[in-house]
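Presented below is the structure to which this report refers.
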There are 2 protein chains.
Amino acid sequence: MTYQPPLREHLFLLRDVLAVDRYAELPAFAEAPLDVIEQILGEAGRYCSEVLAPLNGVGDRQGCAWRSDGAVTTPAGFKEAYRALVEGGWPALGAAPAWGGQGLPSVVGLAFSEMSSSANMAFSMYPGLTHGAYSAILHGGSEAQKALYLPALVSGRWGGTMNLTEPQCGTDLGLLRTKAVPAADGSYRISGQKIWISGGEHDLTENIVHLVLARIEGAPAGTRGISLFIVPKFLPDADGAPGARNAVACAGLEEKMGIHGNATCVMAYDEATGWLVGEENRGLALMFVMMNEARLGVGLQGLAQGEAAYQAAAAFARDRLQGRSLTGPKNAEGPADPILVHPDVRRMLLDARAVLEAGRAFLFWTALHGDLADHPDEAVRQKAKDYMGLMTPVLKAYLTDRGFAICSDAMQICGGAGFTEHLPVSQYLRDSRIALIYEGANGVQALDLVGRKLAADGGRAVMSFFAEIDAFVDAQAANETLTPFTEALAAAKARLQEGTLWLMQNGLANPDNAGAASTDYLHLFALTALSYMWALIAKAANARIAAGETDPFFANKLVAGRYFIERILPDADARLAKLTSGSATLMAYPAEAF
Amino acid sequence: MTYQPPLREHLFLLRDVLAVDRYAELPAFAEAPLDVIEQILGEAGRYCSEVLAPLNGVGDRQGCAWRSDGAVTTPAGFKEAYRALVEGGWPALGAAPAWGGQGLPSVVGLAFSEMSSSANMAFSMYPGLTHGAYSAILHGGSEAQKALYLPALVSGRWGGTMNLTEPQCGTDLGLLRTKAVPAADGSYRISGQKIWISGGEHDLTENIVHLVLARIEGAPAGTRGISLFIVPKFLPDADGAPGARNAVACAGLEEKMGIHGNATCVMAYDEATGWLVGEENRGLALMFVMMNEARLGVGLQGLAQGEAAYQAAAAFARDRLQGRSLTGPKNAEGPADPILVHPDVRRMLLDARAVLEAGRAFLFWTALHGDLADHPDEAVRQKAKDYMGLMTPVLKAYLTDRGFAICSDAMQICGGAGFTEHLPVSQYLRDSRIALIYEGANGVQALDLVGRKLAADGGRAVMSFFAEIDAFVDAQAANETLTPFTEALAAAKARLQEGTLWLMQNGLANPDNAGAASTDYLHLFALTALSYMWALIAKAANARIAAGETDPFFANKLVAGRYFIERILPDADARLAKLTSGSATLMAYPAEAF
């Protein structure tokens, strides 16, 4: 069974749940009324399912090949698919019109990214990283740098990368050693080794623009001495075309458990020419612009792999005849019933739907706040910025944790066949696993949430989230069809508030309490956010039903939402109990006894 | 870092927690006082860590090779390691002395199996399946069959396999088509295709004894017409030596996500000569003798992979310097602190320890009941048999679920390096995943528990488990050092009892309620059993401490036990809430909407 783009889910979210037509006054939405978005996503879905999805298994089996001269070849078909990507204008969807972009809302770009990641995660990382490089230069680059690099990145003619990690430093960038020596012409000579660089070298684009963190000679140690540089593979000539080869080379590829179609490179910089982006020693802040965007993208990958794996498992469960229903044959003429009759199989599938549907809503809802950063009302702009900061680590960690778990359940449904490479689920499971690690491991996200995002601006972001939920619950008090959802939401919010209070009281006194609570708190937060999303979805579905809609699509939303309340939300209590148990036991275990 | 056999854990369990010296009157234990067991396990640990562990990565990278003549080659070094296995007498540990076995207690065999599975799961499956074939023939074979096959299986000179699955039937064996036609000499001609046969063909032994489920011509359809046959690769000659080649061949190997060093074969039977084991049409019952033993072994694999992955992650966390402790530098002279200072890293490691230590206790405690099947007291024998039936599905599903989760957390601790094939954790994760599927998928275990094991003999097994816990809690009422553990245990048991009552009341009325509750019930059961194990472990550790023991090994048990109560046991509430939510929502979702 091939991947089916979830267009109907996307349109239901945009039209009914998020009601994006409210924002027609914003430039991005003015260009794209819902019928245009529908057309674009339909086309995008065809590209993803017809061009990218058939190459997913090829990429997994072939992987990328490295030659001793440093050249890297992508799997068969990737070049043609990339050409089609550029010709289709897909990399330009959400980019700024000033640089050749189509200026569409982020949520449209996100819907495309979801589909391309479901269809072929390894492939979709090439344009994904390019978009990150685009964002960093857009935010931090000089006008000349923007003019030189952005059009090529937006069109996809050039690729982009992020170069952070070195053998001795991943999470702790303060330890980085790559050095930058100023040259007479204002450029720098960059030297050092970077590892785990996705798309660091490949054969898809005529140039690759590396964004590299390095320490300028004499800069302070630690994170305060890190600067960001543009280091192109080929130095742009006077016309901006790729000219002389720069002294940067791929020294080898990593052997990995998954995403074999993406080249994970060791990069060697040997006095390569680079140009400073933004100010000296302020590179980390700029890289975080790129990182935050990338983190949302990684959360999306978790969702996307979960969706693809869910589809494969649901198809298998409908087709595979084995055993009989516990309540008597449902396919009496056949040799056995489809395994979908078994409650425990349905449990795994509905677990997936309940998380995927509300997780997608949460992601789109957050991305919409990204679009509201241009809103004329300052209060809206501020809240939008607050939410982007607060929700990003939650989305990154929760959706990748759950996405991987959904892939594992999908394999479980497919049984022995799922463990073989006949079915695609093994690849989904293997590919999805990296998303819990890169762009900041999920534990780092949890620490970012409790240590930074909660406390920022006196807790303004989380307070406005609580206030928004309270206002919603109050406003729907008379809406009886929604009562199960608003009650569950109010209870979830009360628990999250209790957890937040505990953190405020205990985390400052002993930071280890915050660290010990962080992962459980993040999951409690996500469960609350998903409760809110289910309430929004149920409200939208109820509105359609009340208007006489008889398509079961809408009634099914209410069933999946009830499933969430009955069978996923109970974890919130357990999360609260765990996080309030503190750090004493954790820290009492002697280091040498592990 | 190489795998370290957990000998100290094994001996603490056998000596302090299970106090096996109580059973010196049983033949198996009479032969093996604790000092002898200690010596044997020390030797076993050396074999596993020095011979098997170094071949684990080799097996993963090379896999097995199939030639078009049907021959299968195992990875480099496996033949030599297998020869050492046979020479060391390791396959004979727990086997009956009448057939060349050493007659040692099951728990000793289990400790060896854990170590060999941690060191090299793919390799350890070859002798593991052989032991299953031994058990089936021991229980169901004629005296002539026993004399012909058992000594060769016990010594490991011949290998054994289980042949159940066919393309159209895995869980639902009633659909099987492999047929058996009686021959004039009392043997049968077996024809059909079997798939996913572990160790179906290889180069390790001079013969392979296939135990094959097939339907005798004219037998009833469904599970009541299935018989069990011995089909040797080489027909034994008059001296019992491998003679003429039988008409069974390996038609190919499966490409799998893990356990590459184990040959997973498609087996073609083309009028192969076979001999009936036991009675006609009673094959399934015999196969279940083998299956139940295999299920305990699979639970053990989950534990073993979790242990190996834990060890690798703990070593990484001690060595990797990155960032600083939230409460100030702990390695001020170094460039950064080891990541073990972070509470969230400790959380993942203690999660592993809390499950592994009590999970191992639960497994050993259950296996000890296997040894008590020979006890002179009939009440002890009956309870032992009841417990083996009741606990087997719980151990199989819970330990494999958690073992895989521990492998995933171990990868998380190792970060990017964990996702590459530089470290062993990717292999542990990939290898461990099959254990949730084979020998009855975990959902099938859960259904076996709620649908069969709970109800058997009027619920006698679960009632005696409850009574045993109550008696323990009562007996320890005055033992104040144990209070946190007995209180947690009593509360867990009360929840399990509530869940059991709910199942009795709702599962009969509507079997879908039982199916819908099954997985959550199984986990609730396991959490209760582990609470009991932690109470036993804490009691044993406290006794040592009270006797003046100052080795922190014992005090650390109490810390890990508290961790279990604070951070794992809260899931029991969530499991109860989920299971009592019933099946209505699950079944309301239309099949075509998935």
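Read-outs throughout are calculated quantities, based only on the coordinates presented, and are distinct from any laboratory measurement. Remember, it's a predicted structure, so these values are computed and weren't measured experimentally. Using ideal geometry, Cβ is built from the backbone for each residue, glycine included, and neighbour counts are taken over all protein chains shown.
Hey, rough spin-label estimate for B:Glu592 and B:Arg177, points 7 angstrom out along Cα→Cβ, what's it come to in nanometres?
Going from the B:Glu592 label point to the B:Arg177 one covers 3.0 nm.
What list of ³J(HN,Hα) couplings, whole Hz, do you get for the range A:3-10 from phi and the Karplus terms 6.51, -1.76, 1.60, once you set θ to phi - 60° and write x for glycine and proline?
5, 10, x, x, 4, 5, 4, 4
Net charge around A:Asp172, counting only other residues with Cβ within less than 13 Å of its Cβ (Lys, Arg = +1; Asp, Glu = -1)?
+1
Restricting to bridges with both residues inside the protein assembly as shown, how much of the DSSP beta-bridge set is antiparallel, in percent to the nearest 5?
Roughly 80 percent of the DSSP beta bridges within the protein assembly as shown come out antiparallel.
Contact order normalised by length for chain A, with contacts defined as Cα pairs under 8 Å and 6 or more residues apart; what percent is it?
12 percent
Label position 7 Å from Cα toward Cβ: report the copy-to-copy distances for A:Ala144 in nm, one decimal, ordered from shortest.
Between copies, matching label points for A:Ala144 lie 9.6 nm apart.
Relative contact order for the range B:442-585: what is it in percent, counting Cα pairs under 8 Å that are at least 6 residues apart?
Rounded, it is 31 percent for the range B:442-585.
Kindly rank A:437-450, A:138-151, A:92-105 from highest to lowest mean number of other beta carbons found within 10 Å of each residue. Spell out each step's value before the answer.
Details: A:437-450: 24.6, A:138-151: 17.4, A:92-105: 20.2.
The packing order, highest mean first, is A:437-450, A:92-105, A:138-151.
Please give, to one decimal in nm, the separation of the simple spin-label points placed at B:Ala471 and B:Asn510, each 7 Å out from Cα toward the Cβ.
3.9 nm
Please report how far the C-alpha centroid of the range A:436-453 lies from that of the range B:66-95, rounded to the nearest whole angstrom.
46 Å
Under 21 Å between alpha carbons, and skipping anything fewer than 8 positions from B:Lys194 in its own chain: which lysines qualify?
Result set, ordered by chain and number: B:Lys179, B:Lys233, B:Lys256.
Return, ordered by residue number, the residues of the range B:454-470 whose backbone nitrogen is under 20 Å from a label point located 7 Å along Cα→Cβ of B:Ala543.
Within reach of a label on B:Ala543: B:468-470.
Could you sort A:39-45, B:128-134, A:245-251 so that the peptide with the highest average Cβ count within 10 Å comes first and the rest follow in order? Numbers along the way, then the final one.
Numbers: A:39-45: 17.3, B:128-134: 25.4, A:245-251: 19.3.
The most tightly packed comes first, giving B:128-134, A:245-251, A:39-45.
Output the Cα-based Rg and Dmax of the protein assembly as shown in Å, rounding Rg to one decimal and Dmax to a whole number.
30.4, 97
All other residues with a Cβ under 11 Å from the Cβ of B:Arg360 taken together, and with Lys, Arg as +1 and Asp, Glu as -1, what is their net charge?
Once all neighbours under 11 Å are counted, the net charge is -3.
Report the calculated FRET efficiency for B:Gln168 and B:Asp237 (r = Cβ-Cβ distance, R0 = 35 Å), to the nearest 0.05. List each step's numbers first, then the result.
Numbers: r = 36 Å, r/R0 = 1.04.
The formula returns an efficiency of 0.45 here.
What is the mean number of Cβ atoms from other protein chains located within 10 Å of the Cβ atom of each residue in peptide B:318-328, rounded to a whole number?
The per-residue average across the peptide is 5.
Taking A:Ala547 in one copy and the same position in all the others, each labelled 7 Å out along Cα→Cβ, what are the pairwise distances from the first, in nm, shortest first?
So the label point of A:Ala547 gives 7.6 nm to the other copies.
Output, in nm with one decimal and in ascending order, the distances from the A:Glu468 label point to the matching label points of the other copies (7 Å from Cα along Cα-to-Cβ).
Label-point separations across copies, in nm and ascending: 5.3.
A:Ser117: net charge of surrounding residues, Cβ under 10 Å, Lys/Arg +1, Asp/Glu -1, itself excluded?
Cβ neighbours under 10 Å give a net charge of -3.
Calculate, for B:Asp185 and A:Glu421, the FRET efficiency according to 1/(1 + (r/R0)^6) with r their C-beta to C-beta distance and R0 35 Å; round to the nearest 0.05.
After rounding to 0.05, the efficiency reads 0.25.
Tell me, how many Å apart are the Cα centres for the range B:143-191 and for the range B:1-62?
Here the answer is 32 Å between Cα centres.
Size of the dipole of the range B:20-178 about the Cα centre, Lys and Arg at +1 and Asp and Glu at -1 on the beta carbon, nothing else charged, in debye to 20?
The dipole of the range B:20-178 has a size of about 520 debye.
With no solvent and one equal point scatterer per Cα, compute the Debye intensity ratio I(q)/I(0) for the range A:442-585 at 0.11, 0.12, 0.17, 0.22 Å⁻¹ and report its log10, rounded to two decimals.
At q = 0.11, 0.12, 0.17, 0.22 Å⁻¹ the computed log10 ratios are -0.46, -0.53, -0.91, -1.28.
Shielding of A:504-512 by partners, i.e. mean partner chain Cβ atoms within 10 Å per residue?
On the way: counts 0, 0, 0, 1, 0, 0, 2, 5, 7.
Mean number of neighbouring Cβ atoms from other chains: 2.
With only Lys, Arg, Asp and Glu charged, each at its Cβ (+1 for the first two, -1 for the last two), find how big the charge dipole of the range B:442-585 is about the Cα centre; round to the nearest 20 debye.
So the dipole magnitude of the range B:442-585 works out to roughly 180 debye.
Starting from the Cα of A:Lys578, draw a straight line to each of the lysines and keep only those under 28 Å, dropping any in the same chain fewer than 8 residues away.
A:Lys396, A:Lys453, A:Lys493, B:Lys330, B:Lys396, B:Lys493, B:Lys539, B:Lys557, B:Lys578
So for chain A, Kirkwood radius off the Cα pairs, Stokes-Einstein at 20 °C and 1.002 mPa s: how many µm² s⁻¹?
Value of D from the Cα-based Kirkwood radius: 86 µm²/s.
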